[in-house]
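To start, the structure itself, in structure tokens.
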Amino acid sequence: MVGIMLFKSMKATLAVCAVQCLHVISMTLERSQVRRTDQKQDNICKVSEDPKDRPVVMVHSMPKTATSSVGWALELLGYYDCGSKWIMTYPSAGKLDAATDLVKDYKIGQVPDTVKSNVHELLKEFKADTDTSLNKTQWRRQDGSVDSDTSKHPFEVCNSYSDYPLGHASGLNLNLKLTLWPDGQFIWIDRDFDSWHESYVSWEILKKGHAPTCSKDKLESFVDARRQEIVELQKLKPKQVLIVDLATTMDWDHLLPFLPVQKGCAPPVDEFPSVNVNVNDHAKDKAKDSLLQSHHEFELFDELESSGFCK
């Protein structure tokens, strides 16, 4: 009888010890997980807050090549990415055409210093407006939609541009951008031309009510010319240019080494962000019109069509 009681006592003691051991193991695992999580969070890629270590980034690519997705990726890394169309309403933007005329005929990256000085003088107010007054007014939510409530966010001056005209190769002339931001970083996104053209035609029909008058061949020549410019710049300044392919290399593995983030850091999210800005999105919610390209960008293509280039 005593043996049975002793056995039961030992069994109960072992059960208590087992529960306590499991609790200790559980707590140890939780602490270990917290340490790993903290370490991972400490190693998340983040761009420097110091402007000296963080050149302006411009997604210098054609519209409808997922430029908004790259802009969202930059935002996740700590950039204040902006759509810069409002700069075109500033009085100082009135001198952009004259400045463009000064640099457009030079080879990419080979504008003489005397011409650069003239451009800086001509666009002194424009550059000041861009550097101090062009502030972020839209933020991405986790689902990719846009939050435009500026009362919830601090005033932040933009330092990356994924939209027209400071972003996009259909905006400011590349030599002009390089003159104003000589240390800037430029990202071009390759997209299959047939796919791009289909998207562009749908976009123009939506915004203007008719298909572009410029032929497909002429538009392809226009895109090829803009791409060749960025290729020439990459030859001169390889550390300032990144060319990725929408279908194969537009990912963290290619973007992070190009940007001033800590080597070996972890992406802020596992999946590279994707913003689907298409005709269906616009038809469902016209409030998302701000995600589409600005009226000024269509004016550029209108000028292209009326210049005789498309004939």
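One table, with the values for the structure above:
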read-out	value
Qualifying residue in the stretch 163-181 (condition: over 26 Å from MET250 (Cβ atoms), assigned to a helix (DSSP H, G or I) and either without any contact (Cβ under 8 Å) to a residue 24 or more places away in the chain or among the hydroxyl-bearing types (Ser, Thr, Tyr) (or both))	yes
Among (1) within 16 Å of the chain's Cα centre (by Cα); (2) modelled with pLDDT of 95 or more - the single one PHE193 does not satisfy	(1)
Residue list for the stretch 86-116, filter: free of Cβ contacts under 8 Å to residues at least 24 places away in the same chain and surrounded by 18 or more Cβ atoms within 10 Å (Cβ to Cβ)	LEU102
Residue ID - nearest to LEU219 (Cα to Cα), chosen from residues in the stretch 55-73 that are under 8 Å from the mean Cα position of the chain (by Cα) and surrounded by fewer than 24 Cβ atoms within 10 Å (Cβ to Cβ)	SER69
Where VAL231 falls short, out of the listed (1) under 22 Å from the mean Cα position of the chain (by Cα); (2) in a loop (DSSP other than H, G, I, E, B)	(2)
Residue that is among the polar types (S, T, N, Q) and out of contact with any Leu (no Cβ under 6 Å at 6 or more places or on another chain), where the choices are SER170, SER160, SER202	SER202
The stretch 194-224, residues that are assigned to a loop (DSSP other than H, G, I, E, B) and either among the small types (Gly, Ala, Ser) or surrounded by 13 or more Cβ atoms within 10 Å (Cβ to Cβ) (or both)	GLY209, ALA211, PRO212, THR213, CYS214, SER215
Residue tally, condition in contact with a Cys (Cβ under 8 Å, 6 or more places away or on another chain) and either modelled with pLDDT of 95 or more or not in a strand (DSSP E or B) (or both), over the stretch 82-117	1
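The values are calculated or read from the model by the stated rules, or taken from the named source; none is laboratory data. The shown structure was predicted, so the numbers you read here are calculated from the model rather than taken from an experiment. Glycine also receives a Cβ, built like all others from the backbone with ideal geometry; neighbour counts cover every protein chain displayed.
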